[in-house]
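Following: one structure in structure tokens, then a few remarks.
The values are calculated or read from the model by the stated rules, or taken from the named source; none is laboratory data. This one's a predicted model, so the numbers in the text were calculated from it and none came from an experiment. No Cβ is skipped: glycine too gets one built from the backbone with ideal geometry, and neighbour counts run over all protein chains shown.
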Amino acid sequence: MSGKVGDNLFRASGVIAAAAGGGVSWQAVETGATFTAVAGNGYPVNTTAQACTVTLPASASVGDEIIFTDYARNFDTYALTIDINSLNYQGGTTDPVYDTAGESIHIVYMDATNGWIPIYDGAVADEGSIPKTQKGIFAYGYGASSVVSMSNIIDSSGVIAADVSGVGTARYGPAAATYGIDKAIFGFGNGYTAVTNLVTNVGVIGADVTGVGTARVEPDAAGYGGDKAIFGFGEGSGGHTAVTNLVSSSGVVATDTAGVGTARAYLAATEYGDDKAIFGYGLTTVKVSMTNLVSNTGVVAADVTGVGTARNYLDAAGYGGDKAIFAYGSTAVTNLSNLVSNSGVVATDTTGVGTSRYGAGSCSYGGDKAAFAYGKAASNTAVKNLVTNAGVVGTDVAGVGTARRDLAGAGFSSSA
């Protein structure tokens, strides 16, 4: 007899089936919107780009088995639908839809009555991944008539809390990022300062830390490498700059790294792809839309031609676990957004949702969502707009806390 013979799953006379997983022939990763499955095969299915429908064989023999697994842990965003192709599935005739991140489905053909039956259907723990940010914090900014230092925490369900008394130098135009997996850092700001303030994993802002690097206003910052951060660009006393400052996993800011890319300020930055970062948009002598990708070792790349409406005073945050979004800003004032794929590709403008404004803050929260809050429209506001894990910006939610602009936000805490 040729071919593979595994253990008899059913122990019935004359029925020989491959052992669970052992006799399955694993195929290349499926990335398309459709494909047809063959009995005896296992299929890693990557739904990063779109949902997928797999068609089962038109005929089957008792003991035939097929395995599907969520290769990129995206079934919750783009689901896997199984076209049962005339045979029953768990005794029914409805095409099942699997929409849980990390799910694996191991099916076996039993008989004409029940057809295909899952012998395993569950989500595999994402043990190797970086814990996701659950809460966020907004802080600093320009209030009704002066700079402030108060902060507001956003919880894992997207609810912003009332003001907490300020700690550290009151200022506008700082930047903020997550570091150390579950902590945050605010740094730089008006008055051309380089002072920083660390945030614990329970959201407590620390006192001023003596500044390192070029003192400047309106840089931005993002996490990279899973547990580190980077500040970049901004306006110093001598004009716009492209210098960057790396932040270690323990929150120590390094001296200047020579700038790469077009010197500018009033831009935005965010983490994407789990361990990389992107700086985008901003102001040189004119508003621009170019971007600069940052590797998972903190190396900033050259300019990438801009996509979307050139603007400044916008903000950005991660969503969906590995993607990002730029939104709002000043063209005149806008509410446009631009999604960023998990490979760092910026999409064209998405029609704006919510109050058009500039100088908002943003952060990730809830593991895979984002929030934009505060900013200035006709006047300062505290309105917020939540972003789903599919990158859809929600309508305005009434603001909480002091209305202000030119603040910063960052995620912290890996516990809900």
Subset of region 141-153 that is crowded, with 16+ Cβ neighbours inside 10 Å and not hydroxyl-bearing (Ser, Thr, Tyr) - its residue that is nearest to residue 379 (Cα to Cα): 143
May I ask you to list the residues in region 287-310 that are buried (at least 21 other Cβ atoms within 10 Å of the Cβ) and either within 25 Å of residue 137 (Cβ to Cβ) or not assigned by TED's automatic domain parsing to the domain that holds residue 362 (or both)? 294
Can you name the number of the only condition in (1) surrounded by fewer than 19 Cβ atoms within 10 Å (Cβ to Cβ); (2) touching a Leu at 6+ places or on another chain (Cβ under 9 Å); (3) on the phi > 0 side of the Ramachandran plot that residue 274 fails? (2)
So, in region 41-52, of the ones that are outside any loop (DSSP other than H, G, I, E, B) and more than 17 Å from residue 96 (Cβ to Cβ), which residue ends up nearest to the chain's Cα centre (by Cα)? 44
How many of the residues making up region 70-97 are crowded, with 20+ Cβ neighbours inside 10 Å and under 16 Å from residue 49 (Cα atoms)? 8
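Listed here are the residues, each with its yes/no results for (1) in contact with a His (Cβ under 9 Å, 6 or more places away or on another chain); (2) surrounded by fewer than 19 Cβ atoms within 10 Å (Cβ to Cβ); (3) farther than 28 Å from residue 275 by Cβ.
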| site | (1), (2), (3) |
| --- | --- |
| 155 | no, yes, no |
| 173 | no, no, no |
| 192 | no, yes, yes |
| 213 | no, no, no |
Considering residues of region 146-167 that are small (Gly, Ala, Ser) and modelled with pLDDT of 95 or more only, the residue farthest from residue 219 (Cα to Cα): 157
Verdict on residue 46 being outside the structural domain of residue 367 (by TED's automatic domain parsing), in contact with a Phe, Trp or Tyr (Cβ under 8 Å, 6 or more places away or on another chain) and within 30 Å of residue 388 (Cα to Cα): yes
Enumeration of residues in region 228-247 that are under 21 Å from residue 301 (Cβ atoms) and not β-branched (Val, Ile, Thr): 228, 229, 231, 232, 233, 234, 240, 242, 245, 246
Could you tell me which of the residues 178, 169 is in contact with an Asp or Glu (Cβ under 6 Å, 6 or more places away or on another chain) and among the β-branched types (Val, Ile, Thr)? 169
Residues of region 331-352 being assigned to a loop (DSSP other than H, G, I, E, B) and surrounded by 18 or more Cβ atoms within 10 Å (Cβ to Cβ), in sequence order, are 342, 344
For region 302-317 the number of residues that are closer than 16 Å to residue 229 by Cα and either β-branched (Val, Ile, Thr) or not in a strand (DSSP E or B) (or both) is 0
From the list 238, 173, 191, 166, which residue is in the same structural domain as residue 389 (by TED's automatic domain parsing), over 28 Å from residue 284 (Cα atoms) and not aliphatic (A, V, I, L, M)? 166
Exclusive hit being among the hydrophobic types (A, V, I, L, M, F, W, C), closer than 25 Å to residue 265 by Cα, modelled with pLDDT under 95 and assigned by TED's automatic domain parsing to the domain that holds residue 183, set 373, 408, 347, 332: 332
